[in-house]
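In what follows, a structure is listed as structure tokens, so that the remarks can point back to it.
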Amino acid sequence: MDPAILRELRKICGADGVLFKPQDLLLYEYDGSPEIGQPEYIVFPQNTGQVVAIVAVANHTKTPLVGRGAGTGLSGGALARRGGIVTVFSRMNRILEVDVENQRATVQPGVVNADLSAAVVHLGLHFAPDPSSQNACTIGGNISENSGGPHTLAYGVTVNHVLSMQFVLATGELVRVGSLAPDPPGYDLAGLFVGSEGTLGLLTETTVKLTRLPEETKTLLAIFDRVEDATEAVAELTARAITPAACEMLDGWSLRAIEAYVHAGYPIDAAAVLLIDVDGLCEAAEAQAAAVGEVCSAHNAREVRVAHDTRERDLLWKGRKNAFAAVGRISPSYYVQDGVIPRTKLPATLRRIEEIGKKYGFEIGNIFHAGDGNLHPLIPFNARDKGEYQRAVAASDEIIEFCVSVGGTITGEHGVGMEKDRLMPLMFNEAELGLMRRVRDAFNPVGLLNPGKIIPASGCGEIRSGPAPEATVT
Amino acid sequence: MNASAASAVSRLEGLIGAAGLINDPAQLPGYAIAGLTPAAAVRPDTAEEVAEVLRFAGVENLAIVPCGARTKLGMGSPPHRYDIALDLSGLNRVTAYDPADLTVGLEPGVTLASLARTLGQHGQFLPLGAPFTSRATVGGTVVSGVDGPLRQGYGTARDFLLGMEFVTGDGVAVKSGGRVVKNVAGFDLHKPLIGSLGTLAVVTEINFRTFPAPQAMRGFLVRFATADGAAALRHAIARSFLRPLTLEILSAGACDLFNGAAASRIEPNALPSGLLSPSGAFAGWILATSFAGDEAVLARCERDLRQLADSSGSTTFDVFGAGPDRSVLAAVFGRLREFVPIALESSPATTVVKLSASPAHLEHALCSVKHSAEEHSLPWACIARGIGVVYAALLPPERNDHALHRVAAATKRMAADVAALGGHCVIPWCPAGRSELSIWGSSGNVGLMQKLKTVFDPHAILSPGRFVGGI
């Protein structure tokens, strides 16, 4: 900690806008992942001007700078891997404008995802990306990570819902990428910046699309006694051109964990369930629900329940959205993966995950976005046992390697951050990583913004962090 | 051709063989852009050959313009220099298609038509719905950034393109993204390539998600006396629960184009009489929209749409494509999709202006088109996508300085009007020798774009000068 930097930051954000004492910093050492990064200063800007000034301080003192929303990220994106300043956007949380005619909203980055949808629900609109952490996570974090969620199956991920963004670049320059009107001439900088995990600029304002709520949503819970039946039902839904708004799978282990916590009405004796939303006009939702029910029954679903009302529907979804929290009650420490596979590889991948679990001595839970092949295997482990943590990481790596080997990817929606940069070479060769590095350096030339993320260090010069110490897992 | 380019061409032949080199003076004019003819065209068969050509061009400082079926070479500014055409029509394989995964991987030279046949065998399609469909390649369609009527329901290539392989200007073959429907591993370096007009890299493979083809569709044509009325219906649909597949607003002039000789050459399916008939005394606007679904859904859409149309002041309401005869749908959608090619063939000096504005401002953009054209006594036609993009065709009956001056003045007014709405105005197609026209309009962020260009194409050999800000 440098008292001169502290003085400058307090000048910008006020005495109550800066944290620097070790006990205060502790809270910002972690996020939703098992990673850790130790910051030296935490600042809470209240407007874009203050963010510009913070970047200037970082610039002339060569201090690393990391943006942070609610800290719910699952890959260490918002952690200060190289120390320095963490800029927390929780005080920049105003909805600046809702433009009903154009179905869009201009917001500060600290607006909580669910708060935006709640603010426009009376207009029949919502912000479609719905990560499970949506009650806490922020729009800025969603944009940095290009977040998904169950309903991205039909509605697309965050990048499909962002019109325009204002960024402070590493140079301190304030730029606007994207546009309110369609097709701004030039390269799609917005497409590049969304999902760049805070390495290209600090987001200070954005205009996002709002999506009309459907006339009707039907939620179905299909209950299976065999996991294979559930995965085959998913494959047939895809093959029969039935496109639900969401199609989630939870295995028996997860169901029992969730039911004990949320009491969502999940069957605790089942091998797996599919939680499926179909939506649209009443007539369309009706027909789709019937078709989904037919496919599930043909694949030996022992029961297909249809939620009768909003309360029942919300309860079913509450179970899914609180799945990770429910697992946390059973095992305070768990490793959650985010691999994606081609949808036809679902049955083979689940078999492989089970084998890997046996090999390393874990019972691996499976909760995932079945409709788009995005898996979230959960590996519970004992954090006090360092060997067990390392085994969990090894098992998890083996799952990811399998995903890549069948044509998939290492992360579908959680981001690379500092958790998976070491896995990037599974996907990309040195030429590809080199191009990414040069693009990053073109916008972030001295590595001021979120250093040590996404792209593994090339050669020497950068320090790699080891596995997280036990104390980080809570 | 200068001497060094000539010597370079002969060495290029050594590099990729005589079969891949086109230097026959009779063929080269087919690669010309705005009067610039390249010294040679190279037609590689593999990504490795593309990389070799680019490495060679980098060393020799040869300017390369990648192309496919050459239907859109006229888009953008003319290149500052142009030595070699890189013809990608030989990279025309579908490399991976697993219908059950709803994903496809293909080389850029695959034509839209052949891909449609491949996917159609499995009841699937790729919703690019782009113009020049009978000849255009998938790569050219993506890299030129053109859109189509299906944009309303499916978005643009950016929304369903999963990854790409490409060769950067320094001859390095790389990939970005993947072939799964969700992926956040690393930067999305392929996104800036969409619409980059070949100025960043040469695409060698593209992965898409595919979609089940709609089983049954129905279209509606609703006439209005004013642009405001048509726009009011567009706004009412946006506020409703209806989810149209396509939604466009056409001027009466577009109906005339759709009944002309060019239209029947480009879209052979004939329009049934009475549908989109020549405007005659009618000077109004038509909202054309379509929906997909089973009979119950389509009946509901029709019922709701009729109600909304009535309260927006419509004058007539026509339904098409309800019967088993799919050729009616093809006749109408084909024309809507091919508006630009039809317009280009309908005047000796067609200029197509693309305006974009927030959807709630659509009527103002339409009025600007009408007034700008009429103020300068230019025949015109326009088609507007409901999401806020307007294609305005200015159709002077002859090509001379006087006509081109009037075109320039009309485009200037449109640009000023749309800028006041916070929108954009570019001129994707215009006659050669058009220095008075502001092709790319005013665009911010040229500095940032230049940074990206320098990383991707360090020797500045890819389509130099075709893009925004002289990039």
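Tabulated data
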quantity	calculated
Debye intensity ratio in log₁₀ form over the Cα atoms of region A:130-239, taken at each q of 0.12, 0.13, 0.22 Å⁻¹	-0.56, -0.63, -1.22
Prolate/oblate/rounded label for region B:1-97 (Cα gyration tensor, a/c 1.5)	oblate
Pairwise Cα inverse-distance average, inverted: Kirkwood Rh of the protein assembly as shown (Å)	29.0
Set of lysines near B:Lys175 by C-alpha distance (under 21 Å), chain-local residues within fewer than 8 positions excluded	A:Lys420, A:Lys453, B:Lys191, B:Lys451, B:Lys453
Measure of compaction for region A:1-121 (Cα Rg per 2.2 N^0.38 Å)	1.14
10 Å Cβ neighbours from other chains, averaged over peptide B:101-113	2
Relative contact order, percent, chain B [alpha-carbon distance under 8 Å, six or more residues apart]	17
Table column - 3J(HN,Hα) (Hz), region A:319-326, Karplus curve with 6.51, -1.76, 1.60, x for Gly and Pro	x, 5, 5, 9, 4, 5, 4, 5
1.4 Å probe, heavy atoms, protein only - residues of region A:151-185 losing at least 30 Å² accessible area vs chain alone	A:Val159, A:Asn160, A:Ala181, A:Pro182, A:Asp183, A:Pro185
Sum of side-chain charges, B:Ala261 neighbourhood, beta-carbon under 14 Å (Lys, Arg +1; Asp, Glu -1)	-2
Along principal axes, Cα extents of region A:325-435, largest first, whole Å	41, 30, 26
Chains B and A, summed buried accessible surface - 1.4 Å probe, Å², nearest 100	6100
Longest to shortest principal axis, alpha-carbon extents of region A:231-321, angstrom	35, 28, 19
Principal-axis tilt of helix B:401-420 within chain B, Cα atoms, nearest 10 degrees	70
Pair-distance profile P(r), taking every C-alpha pair of region B:112-218, with 5 angstrom steps and integer %	2, 12, 21, 25, 20, 12, 5, 2, 1, 0
14 Å beta-carbon shell around B:Glu375, net charge (K/R +1, D/E -1)	+2
Helix A:227-239 vs. chain A, principal-axis angle (Cα, 0 to 90°, nearest 10)	80
Whole-percent pair-distance distribution, where bins are 10 Å wide, for the alpha carbons of region B:426-470	23, 48, 27, 1
Cleavage-rule hits, trypsin sites (Lys or Arg not before Pro), region A:348-457, DSSP coil, Cβ neighbours within 10 Å at most 13	A:Arg384
For chain A, radius of gyration divided by Kirkwood radius, i.e. Rg to Rh on alpha-carbons	0.97
Evaluated over chain B, the Cα radius of gyration and Dmax, each in Å	22.5, 70
Descending principal axes extents, region B:382-425, alpha-carbon based, whole Å	34, 20, 9
Radius of gyration and Dmax over the Cα atoms of region B:78-151, both given in Å	13.7, 46
Inter-chain shielding of B:351-364 (mean C-beta neighbours from other protein chains, 10 Å cut-off)	3
Global form of region B:227-346, assessed from the alpha-carbon gyration tensor, a/c cut-off 1.5	oblate
Helix B:446-456 vs. chain B, principal-axis angle (Cα, 0 to 90°, nearest 10)	50
Heavy-atom accessible area per residue - region A:307-392, 1.4 Å, Å²	41
Computed [θ] at 222 nm, helices only, for chain B once each DSSP H run of length n ≥ 4 contributes -39500 (n - 2.57)	-10000 deg cm²/dmol
Threshold 50 Å² - residues in region A:399-432 whose accessible area is reduced by that much or more when the chain is no longer isolated, probe 1.4 Å	A:Phe428, A:Glu432
Rounded percent of accessible protein surface that carbon and sulfur make up, the protein assembly as shown, 1.4 Å probe	52
Residue-by-residue Karplus 3J(HN,Hα) for region B:459-471, coefficients 6.51, -1.76, 1.60, Hz, glycine and proline x	8, 6, 9, 8, 6, x, x, 6, 9, 3, x, x, 5
Descending semi-axes in whole angstrom, ellipsoid equivalent of region B:227-281, from the Cα gyration tensor	26, 14, 9
Calculated diffusion of region A:257-365, Stokes-Einstein form, Kirkwood radius summed over Cα pairs, 25 °C and 0.890 mPa s, µm²/s	150
Antiparallel content of DSSP bridges confined to chain B, in %, to 5	90
Whether region B:331-446 is rounded, prolate or oblate, judged on the alpha carbon gyration tensor where a/c under 1.5 counts as rounded	oblate
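The values are calculated or read from the model by the stated rules, or taken from the named source; none is laboratory data. Here the structure is a predicted model, which means the values were calculated and not measured. We place every Cβ from the backbone using ideal geometry, glycine too, and count neighbours over all the protein chains shown. Calculation scope for accessible area: heavy atoms of the full protein, side chains included, ligands and nucleic acids excluded. Shrake-Rupley method; radii C 1.70, N 1.55, O 1.52, S 1.80 Å.
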